[in-house]
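**Student:** The structure under discussion is supplied below as structure tokens; questions concerning it will follow.
The values are calculated or read from the model by the stated rules, or taken from the named source; none is laboratory data. Being a predicted model, the structure only gives us computed values, none of them experimental. Cβ placement follows ideal geometry from the backbone for every residue including glycine, while neighbour counts extend to all protein chains displayed. Protein only, heavy atoms only, side chains kept; ligands, DNA and RNA dropped before computing areas. Shrake-Rupley method; radii C 1.70, N 1.55, O 1.52, S 1.80 Å.
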Amino acid sequence: MTLAGHQPSGLFKEDFLEVDGFRIRYEEAGQGNQVVLLEGESWGLSKLRDALSERYRVLAIELPGFGKSGTNTISKSLAELAITASKVVERIVEGKFTLMGTSFAANVALWQTLQSPEMVEALILISPTAILPAEILPKTFASANGQKERLRLLLAHPDDLLSAMTVDPDLWSREQELVLRLKGQTHDEVAEARLGEIKCPTLTVFGVNDRSVAPEAARVYAEKIPNSNISLVYDAGHLMEAERPEALIDAVSNYVEHRETFIVGRGSNLINP
Amino acid sequence: MKASYLGAMGYSERRNFPIAWPIPPAYHDPETSVRSYQEGMAECELAEEIGFDWISFSEHHYSGRIATGTPVVMAAAVAERCKKAKIAILGHLLPLNNPVRVAEELGLLDNITNGRLIIGFLRGTPNEDQTYGVNPAEGRGRLLEGMDLIIKALTEPQPFSWEGRYYQYRTVAVWPRPVQQPLPPVIVATRSDDTVKYAADNHLGLGVSFLPVDEMAKITDKYQSWCQAAGWQPEPEQIVYRGSIYLSETDKQAQDWFENLTRSKPAPAIAMRSTVAGAIDAARTGSEFDLRNVVAGSAQGDIVGLSPSLSFVGGPDTVAKQIKAFHDRCGVGVVDLFFQQPSVDHRDVMKEIELFGREVLPQINEF
């Protein structure tokens, strides 16, 4: 689902690439360390990438089938979509980069890292849906009835935010069709079995009140990815960027800057120097 | 129904305290203080011996009336003397404390008691906010976030970072984990709707203190309905009432004591200057408090506080009936009793405990 009315931030410069039969839109802003942000369901949110672009060179790639890109009937799997994303990155990024994505796009980022580990310096998975252990899975997003119930499941406080969010029903249907076809809401056994192959520093971020994916799934990433951290954002559901943007930005930007050493306290508690 | 003994560990010469909060440390005499804790622990031992199911401890600060600022320290000491009773921390004042530290204390206490811990969370009385300089306006938010964080810290098997509103920790990995899995019983002590609903939504118990039965019933009725809406039914031990008690051999003796207490015009509990109390209340409610509009009276007249109240007063049968009312009307399954009343010394508390075990406990264990 994408929200109607999402506009590129004025800071970002828009461009297009022809890859694998797709005309892929990407946006770029900022300077410094390179951050590649895969965008699936955009939710109409841009606070994270806007904040990151103030400190880093951010390349936001719209995955084919989402947003303005039109219907994607070509990609046959998450792995294939990740290959397409890698081809885009190869043409616009030199050297290693931090790769991140939210929800379905996090699953693509996971597969991109598995398939092209040499490209990825650090991986940040925000509300990924690849790991859905049955024994800890709550009422699933997939089993929710209708758009409204599904949207409510994405938020810890839907009553506070729903009225401000405008859903484009056509876009919603098209994106969900692709997510379902590529099994974006199904436990990915192959990816789980390969998590141990990920050697780069990895941060997995979940909202404490995520009702579409149990945040307990985060521990699977922590157990199986050798150099990984779990970050839990209090008082937020699946869409942390909507409910606790400042907390998400703080955790993610600190991790981009410091990677696994982001656990080191650097703030000062000195009151009267 | 079960009974819990509140190990208040009151300073034995507390009758000499000034009408104030905090009580100046100048009133502390080491010899008296050591004796007070020994007496308090003896009371806990007797309570366990005569059949109390729980022994509870409560965090209160800067006063010798309930002299357990760090309740887990006291609980650990008593737990080594009392080997059967559940050890209930009712509770930690979460807005004041580092939640991760609280989780570590609770995990450790559940281990050294071999799984006898009962956990309690509460916000605290208005004066408590001042103990560590917490803004009263933030108490509710800190309580709610603290509960989430502590439960996560006690249950999450992998290290995690926490991006909160009031707390940020980049590494949380509490050791030892509780013996009771997945979590020891948790009681949320509150009167506020949002926290009562939190307890119901999260399948946690409810504790209410010092309210009359009809007032408590309004709270437990809401709790029960929210539990039902959340798809579960609390067990009897998940509804706890804390009340003050004065028990005597006969109703007349108890009534005489109470009338004497009333005639002596006892000092209010948690006595503070009205200006300070007003400023705390304004901060908690988000209203304006302008000190310049306050016309000061005498120093004595400026002191405000809570009126002493007793939930249970009488002979054994009367007290049993009073307790039964909370069971029948509110679904209370555990009554947590505060025996250390003003003007009641250690010797009399021991007599009351013994009498309670002999005459009251058999009655309340029947319902």
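**Student:** Within the set of pairs 6 or more residues apart or between chains, which connect a residue that is at the interface with chain B (Cβ under 9 Å from one of its Cβ atoms) inside the stretch A:245-261 to a residue that is part of a helix (DSSP H, G or I) with Cβ atoms less than 7 Å apart?
**Tutor:** That search, which allows pairs on different chains as well, returns A:248/A:48; A:248/A:240; A:248/A:241; A:254/A:262.
**Student:** Same structure, new question: So if I check each of A:199, A:224, which one is surrounded by fewer than 24 Cβ atoms within 10 Å (Cβ to Cβ), within 11 Å of chain B (Cβ to nearest Cβ) and modelled with pLDDT of 95 or more? Don't jump to the end; show me each part of the working.
**Tutor:** Numbers: A:199 fails: within 11 Å of chain B (Cβ to nearest Cβ).
When all the criteria are applied, what remains is A:224.
**Student:** Out of everything in the stretch A:154-196 that is within 14 Å of chain B (Cβ to nearest Cβ) and surrounded by 15 or more Cβ atoms within 10 Å (Cβ to Cβ), what residue ends up being modelled with the lowest pLDDT?
**Tutor:** By that ranking, first place goes to A:156.
**Student:** Please indicate, with yes or no, whether at least one residue in the stretch B:70-89 is within 24 Å of residue B:21 (Cα to Cα), modelled with pLDDT of 95 or more and outside any helix (DSSP H, G or I).
**Tutor:** The initial filter retains those residues of the stretch B:70-89 that are within 24 Å of residue B:21 (Cα to Cα), namely B:70-74, B:89.
In the following step, the residues that additionally are modelled with pLDDT of 95 or more were identified as B:70-74, B:89.
From what is left, the residues that are outside any helix (DSSP H, G or I) are B:70, B:89.
Within the stretch B:70-89, one or more residues are within 24 Å of residue B:21 (Cα to Cα), modelled with pLDDT of 95 or more and outside any helix (DSSP H, G or I).
**Student:** Please go through the stretch A:29-40 and pick out each residue that is of a type outside the set (A, V, I, L, M) and under 15 Å from residue A:85 (Cβ atoms). Lay out the reasoning, then the answer.
**Tutor:** Step one: of the stretch A:29-40, the residues of a type outside the set (A, V, I, L, M) are A:30-34, A:39-40.
Within the stretch A:29-40, A:34, A:39, A:40 qualify.
**Student:** When you scan the stretch B:256-367 for helices (runs of 4 or more DSSP H) that lie fully inside it, which ones turn up with 1 or more residues that are of a type outside the set (Asp, Glu), at pLDDT below 85 and open to solvent by 60 Å² or more (accessible area, probe 1.4 Å)?
**Tutor:** Details: elements: B:274-285, B:316-330, B:346-355, B:361-364.
Hits in the stretch B:256-367: B:274-285.
**Student:** In the stretch B:145-152, is there at least one residue being free of Cβ contacts under 8 Å to residues at least 24 places away in the same chain, part of a loop (DSSP other than H, G, I, E, B), acidic (Asp, Glu) and within 13 Å of chain A (Cβ to nearest Cβ)? Let's see the steps before the verdict.
**Tutor:** Within the stretch B:145-152, the first condition is being free of Cβ contacts under 8 Å to residues at least 24 places away in the same chain, and the residues that meet it are B:148, B:152.
Next, only the ones that are part of a loop (DSSP other than H, G, I, E, B) stay: none.
Within the stretch B:145-152, none of the residues are free of Cβ contacts under 8 Å to residues at least 24 places away in the same chain, part of a loop (DSSP other than H, G, I, E, B), acidic (Asp, Glu) and within 13 Å of chain A (Cβ to nearest Cβ).
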